[in-house]
Structure formats: structure tokens, C-alpha cells
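Below is one structure; the comments refer to it alone.
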Amino acid sequence: GSGSSGSGSSDAQPDPDNEFIGAPGQAAGTVVAVLRSGSTVLAGYTDNAGRQHGLTTAQERTLSAIDPDGTPVTVQLGALGTYRAQAVGSGGDVFVTALPLGALDSTIARLTLVFGGVTLLGLLVAAWAIALTVRRALRPLERVAGVASDVAALDLEGGDTAITARVERADLTANREVGQVGTALNRLLGHVGQALTVRREAESTMRTFVADASHELRTPIATVRAYAELSASSRDLDAVHANVGRIATEAVRMGDLVEELLLLARLDARALAGAPPLAVDAVDLTSIVV
């Protein structure tokens, strides 16, 4: 080219005989310029249809202000948008090449959108998978809690003391933590059931003993009352003395029963206090009978 082509108008056509603009290998929108002594010799770009366009004076001024040391810089070329430009000097001439960043920015924006969407979708899928995994892992623990709730609903105070509810073996082997909790709960339920059974048997034994003791005390008390009434209405001193003797005998009998009750009470208190059990020895019943 032999002069400025299209300087001052972005729609002007450069010299069509100059193949420097839109040369093979140049992408659409690539801006090229040749500067000599600060003046524009050639400047322009080709569009997507392959048509050549010139640059405005402001755009040429922007390109001429680039330092010709080969360092890439980012410049704003008005309506053409943002470009990445590089100027190289050779024998007084400066060759400027500028590539558009618009397509790159749009590509980066699309990639950012795609990566953001994929990341968000991945996070949603991961959250769903984690929630499903946690839910599945907590099912054995929920069944353990259900067993505890069923036991809490039992009428252990006045109803059947047998606790049959237990954590299933499949839940005990589900995982280590649930297995520990379930095993501890089963052991606790076993101890509680055994304690309730012992208490029920003790209460039953106590009721039987109280009934028997009441029956045993009823006879001497009735006897004492009868002889006391006879003594109060009798004027015979010998009969009164005899009645008093019988009353004393029945009183001794009642005293023995009371002593036995006290002995049993002390033995129960000893057992509740955690004292060692009493020694069990063979007894010669013959001497006792004699």
C-alpha cells in the first residue's frame, strides 16, 4: 500500500491490491496496521464475510500509541471493542497486530456458565446422595429409638413386667456405632426385666408371708381376747390365774412371731445393703425335733 487507506472511517475500503489485511491465517476481526514515522501507512481489518474495513482516526491514534517493544497490551478500539495488541518495530516501520477479545470473553462467559451449572448440579446431586446415604445409615438407629419408645410405653408399674422388646440382630450388625447402642440397650432391657421380675417375686413372697403371718397372729390374738373377756367376767381366782397363764402363753407365741418378722426384716436390710450372703450349713434336724 502507498498511503493511508480508510483512515477516519471504519467503513472505508483499504487498497484492495494490498493483501496484508485479511491475509491467510488471520482470524476475522484481526486488526493490522503499519506505521511509519508516526503516520499510518496501512490500517484495517476484515469482517466475518471477508470484507475489508478501515479504522477511524481515534482507533489509529490508539494503535500508534502502543510501545513497539513487542509487549502485548490491552487496548479499547471504540466500537470494535477490546483488543489484545502487539507492536513490533523494524527499520523505522512499526507493525501492529491486534486480536479481538470479544469472542474470548464470550467463550469465557459461556464456559463459566457451563462450569457453574455443572458445579451446581454436581453439588445438588452430591447433597441428594449424602442425604440419602445418611438417611439409610440412620434407619437402624431409628429402629433402636423405636424399641426404646415401645418399652417406655409399657405399663411396667402395674402390668406385665416381662420386657420382650429387643433390638434386632440385623440392626446390631448394621454399623459399629448403632451396634454399640443397640447392644447396650438390649443389655439394659435385660437387666431391667430381671430386676422387675425379682421385684415382682419379692412382692408376691412378701404378700404371701404377710398373709401367713396375719393368719398365725389371728389365733393367739383371738385367744388372748377370749381369755381376757373370761377373766373380766369370772369371780373364780383359780380360773383367772389359769386364764392369765394361757394369755401369757399366747403372748410368748406372738412374741416369737414378731421376733421372726424382725429377723426377716434385718435379713432383707442386710441384702439391700450389699452385705455378703449368710453361711449355709447342714443342720441336724433330729436334735431340733428332740
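The values are calculated or read from the model by the stated rules, or taken from the named source; none is laboratory data. Since we're looking at a predicted model, the values are computed, not measured. Heads up, the Cβs are rebuilt from the backbone with ideal geometry, glycines too, and the neighbour counts pull from every protein chain shown.
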**OP:** Report yes if L42 is in contact with a strand residue (DSSP E or B) (Cβ under 6 Å, 6 or more places away or on another chain), of a type in the set (A, V, I, L, M), in contact (Cβ under 8 Å) with a residue 12 or more places away in the chain and surrounded by 10 or more Cβ atoms within 10 Å (Cβ to Cβ), otherwise no.
**Re:** yes
Subject >> Out of V147, V118, V88, sole residue that is in a strand (DSSP E or B) and either over 20 Å from the mean Cα position of the chain (by Cα) or acidic (D, E) (or both) >> reply: V88
Original post:
Can V34 be described as in contact with a Ser or Thr (Cβ under 9 Å, 6 or more places away or on another chain), in the same structural domain as V73 (by TED's automatic domain parsing), modelled with pLDDT of 50 or more and within 19 Å of V73 (Cβ to Cβ)?
Top reply: yes
**OP:** Pull up segment 203-255, narrow it to residues that are within 25 Å of A269 (Cβ to Cβ) and of a type in the set (S, T, Y), then point me to the one that is farthest from the chain's Cα centre (by Cα).
**Re:** S214
**OP:** Would you mind telling me which numbered condition in (1) of a type in the set (G, A, S); (2) within 15 Å of I21 (Cα to Cα); (3) in contact (Cβ under 8 Å) with a residue 12 or more places away in the chain G78 fails?
**Re:** (2)
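If I filter segment 156-179 for residues that are assigned to a helix (DSSP H, G or I), among the acidic types (D, E) and under 30 Å from V134 (Cβ atoms), do I get at least one hit?
Yes; the residues of segment 156-179 include at least one that is assigned to a helix (DSSP H, G or I), among the acidic types (D, E) and under 30 Å from V134 (Cβ atoms).
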